[in-house]
């Protein structure tokens, strides 16, 4: 088990023991008419995801999405609005030979690029090397990004 997975599994177990959901935030980043997303080359073609992650203790949803986008995409953003909350999802985690199912509460935001920060685009060790930042159109976002397909999210 990687240290990254173990850290996440420990957090999930802590929340599970308290009867709390694993709160996550995600957002595509508007840059003009395009959206910044994560692109991964697979044997079935390119798969897209939007950047985001977990909410730290004491952090607001807005603080969390801004931090996650800075970490993963190396950008500062303005939040336009929250697009939806999805809390009917469960994931099974494994930790020290035990498995448990934890509820997820996923908040998806619409954001706008405020500033591209200097230096490399984020992705600092959290993703495999085949993950890149891509700019995609709205049609691709709505039809190929998992969060929009699974949850039926609409974006203006």
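The values are calculated or read from the model by the stated rules, or taken from the named source; none is laboratory data. Remember, predicted model here, so these are calculated numbers, not experimental data. Cβ: placed from backbone, ideal geometry, glycine included. Neighbour counts: every protein chain shown.
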Practice task
Would you check if there is a residue in segment 64-77 being farther than 16 Å from residue 114 by Cβ and at pLDDT 95 or above?
Solution key: yes
Exercise for the section: Return yes or no: is residue 14 assigned to a strand (DSSP E or B) and surrounded by fewer than 15 Cβ atoms within 10 Å (Cβ to Cβ)? Expected result: no
Problem - Matching residues, segment 99-115, being in contact with a helix residue (DSSP H, G or I) (Cβ under 8 Å, 6 or more places away or on another chain) and more than 30 Å from residue 13 (Cα to Cα) - result: 111
